[in-house]
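Trainee: Below you will find the structure I want to go over with you.
The values are calculated or read from the model by the stated rules, or taken from the named source; none is laboratory data. Since the model is a prediction, treat every value here as computed from it, not as a measurement. We place every Cβ from the backbone using ideal geometry, glycine too, and count neighbours over all the protein chains shown. The area values use the complete protein model at the heavy-atom level, side chains included, leaving out ligands, DNA and RNA. Shrake-Rupley method; radii C 1.70, N 1.55, O 1.52, S 1.80 Å.
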Amino acid sequence: MPGALVATEAQAAPPASAPLQCRTYNFGVKQFSTDIIRQSVWGQLCFRGQLTSDTPVQLLIHGGAYNHTYWDSPFKPEVYSYVQAATKRGYATLNIDRLGYGQSDHPVATTLNFDVAGYITHQLVQTLRGGALGVRFTRVILNGHSMGALTAENEAANYHDVDGLIVSGIGHNLNPPPEQLTTFTPAATDPKFVGQLALATYLTSRPNVRISVFVSGGTYDPAIPPYEEGILKDTLSPTEFTALPIDTNDQVQLTQKITAPVLFAQGRYDKIWCTGTFDCQTDPQALKEPTYWQPGVFTRVVIPDAGHSINSNLSAPTFYETTFTWLAQHGLAPR
């Protein structure tokens with residue numbers, strides 16, 4: 001269960017040279033509001049300098065077939081770790097393994113969907129605001145990638161308790177090429193997960209397809225393919241996979257309810273969401289994206305030389321700096 005952090009006073013954002021401090025938690029969350037038994041969600045709170053209630057905190061939410069390492073890469077963290085970059089700018093980050101992923105509990109996979117994921121995220125937001133981690137955070141931002149972005153959208157639309165929303169690697173009206181529908185296979189058949197009984201109902205990416213589906217189109221380090229396969233690769237709920245927004249109407253009704261400011265980021269060559277031209281700069285569906293949100297809340301950016309999983313491309317630092325600039329423009333920078 002969560003430990004305690006000491007609330008302290010600070011007058012300004014810490015210098016980037018301040019040492020990184022991290023605290024690991026197992027949060028007890030309900031999968032459904034009527035549950036008596038709680039599930040465990042793993043998370044790590046990181047910050048530099050003195051942590052106060054005015055420190056803006058970003059709740060980092062990974063996508064399907066990934067885990068928390070998407071946001072905190074052990075490979076060249078000075079380039080690829082968003083946690084490192086954000087904390088150097090004075091943000092705190094709560095980087096989680098979503099329920100069904102990584103070090104969190106793995107219920108039967110078919111009990112997971114984006115309503116469940118949004119509800120769990122809401123509980124974590126309330127934990128951050130409620131002081132259970134030592135301070136009552138007054139500024140909370142959701143930062144989600146792909147299925148994590150759908151999770152963030154669900155939370156922001158239904159609970160209205162966050163100050164900003166960063167979504168990447170997602171869009172409305174998914175229309176994937178046929179070959180992408182065969183990207184995933186039962187996790188029990190994969191060498192990385194074989195013999196793990198808790199994963200019997202889960203999927204994972206087929207061997208050696210992650211680069212072609214998630215990363216290619218952008219430029220990446222030659223070490224990224226084995227890193228994607230060996231470290232970043234995780235499981236996926238089949239019900240989350242089948243709930244992806246192939247039909248626009250349901251997702252539009254959801255995103256139209258969001259009132260917090262939204263930064264919408266796509267890798268320019270995202271092969272999952274920009275399937276018209278495979279170039280999000282020119283893709284007709286990508287260009288329609290602003291029409292699916294309330295007027296005035298939405299900022300769209302395209303990250304150059306990146307594929308779907310922006311954090312695995314060499315242009316990841318460009319995305320990170322883009323988020324910090326946007327946050328500052330919306331009053332969500334460290335003070």
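Trainee: Taking 0.36 nm per intervening residue step and subtracting the Cα-Cα distance, what contour gain separates Gln329 from Ile36 on full extension? Could you put the intermediate results ahead of the total?
Mentor: Working: separation 293, 0.36 × 293 = 105.48 nm, distance 4.22 nm.
Stretched out fully, the Gln329 to Ile36 stretch lengthens by 101.3 nm.
Trainee: So what's the back-of-envelope 222 nm ellipticity for the chain, counting only DSSP H runs of four-plus at -39500 (n - 2.57) apiece and dividing by all residues, rounded to 500? Before the final figure, lay out each step's value.
Mentor: On the way: 9 runs with 76 residues, N = 335.
About -6000 deg cm²/dmol.
Trainee: Further question: Please give the solvent-accessible surface of Tyr119 in Å², to the nearest 10, using a probe radius of 1.4 Å with every protein chain present.
Mentor: 50 Å²
Trainee: With the cut-off at 32 Å, tell me which of the pairs Lys76/Lys271; Lys30/Lys288; Lys88/Lys192; Lys192/Lys288; Lys30/Lys233 have Cα atoms farther apart than that.
Mentor: On the way: Lys76/Lys271 25 Å; Lys30/Lys288 36 Å; Lys88/Lys192 34 Å; Lys192/Lys288 39 Å; Lys30/Lys233 26 Å.
Long pairs (Cα-Cα over 32 Å): Lys30/Lys288; Lys88/Lys192; Lys192/Lys288.
Trainee: With the dipole of the range 48-138 worked out from charges on the C-beta (+1 for Lys and Arg, -1 for Asp and Glu) around the Cα centre, which of Phe114, Ala132, Gly63 lies farthest toward the positive end?
Mentor: Result: Ala132, furthest along the dipole toward the positive end.
Trainee: Going through the range 259-318, which trypsin sites (Lys or Arg not before Pro) have at most 16 other Cβ atoms within 10 Å and a DSSP loop state? Intermediate results must be reported in sequence, preceding the final value.
Mentor: Working: sites: Arg268, Lys271, Lys288, Arg300; in loops: Arg268, Lys271, Lys288.
Passing sites in the range 259-318 are Lys288.
Trainee: Here is a further query. Heavy-atom accessible area per residue, the chain, 1.4 Å probe: how many Å²?
Mentor: On the way: 12780 Å² over 335 residues.
For the chain, the per-residue accessible area is 38 Å².
Trainee: Something else about it: With every protein chain left in place, what is the accessible area of Leu174 in Å² (1.4 Å probe, nearest 10)?
Mentor: Approximately 10 Å² of Leu174 is accessible to the 1.4 Å probe.
Trainee: Carbon and sulfur atoms: what percent of the 1.4 Å accessible area of the chain do they account for? Kindly include the intermediate steps, with their values, before the conclusion.
Mentor: Values: 7140 of 12780 Å².
Carbon plus sulfur share of accessible area: 56 percent.
Trainee: Once phi is turned into ³J(HN,Hα) by the Karplus curve 6.51 cos²θ - 1.76 cosθ + 1.60 with θ = phi - 60°, what whole-Hz value does each residue of the range 103-113 show in order, with x for glycine and proline?
Mentor: 8, 7, 5, 10, x, 3, 4, 6, 8, 9, 7
Trainee: Would you please report the Å³ per residue occupied by the convex hull of the alpha carbon atoms in the range 160-312?
Mentor: It comes to 126 Å³ per residue, whole-number rounded.
Trainee: Starting at the first residue of the range 291-306, write each ³J(HN,Hα) from the Karplus equation 6.51 cos²θ - 1.76 cosθ + 1.60 with θ = phi - 60°, in whole Hz, x for Gly and Pro.
Mentor: Taking θ as phi minus 60°, the curve returns 6, 8, 10, 5, x, x, 9, 10, 10, 9, 10, 10, 8, x, 6, 9 Hz for the range 291-306.
Trainee: Rounding to the nearest 20 debye, state how big the charge dipole of the range 200-280 is about its Cα centre with +1 on each Lys and Arg Cβ and -1 on each Asp and Glu Cβ. Don't skip to the end; give the middle numbers.
Mentor: On the way: 6 positive and 9 negative charges, 6 e Å.
The calculated dipole for the range 200-280 is roughly 20 debye.
Trainee: Just need log10 I(q)/I(0) for the chain at q = 0.09 Å⁻¹, Debye formula, equal scatterers on the alpha-carbon atoms, no solvent, rounded to two decimals.
Mentor: Normalising to I(0) and taking log10 leaves -0.42.
Trainee: Okay, next question. ³J(HN,Hα) across the range 132-139 via Karplus (A = 6.51, B = -1.76, C = 1.60, θ = phi - 60°), whole Hz, x for Gly/Pro?
Mentor: 5, 9, x, 9, 9, 5, 9, 10
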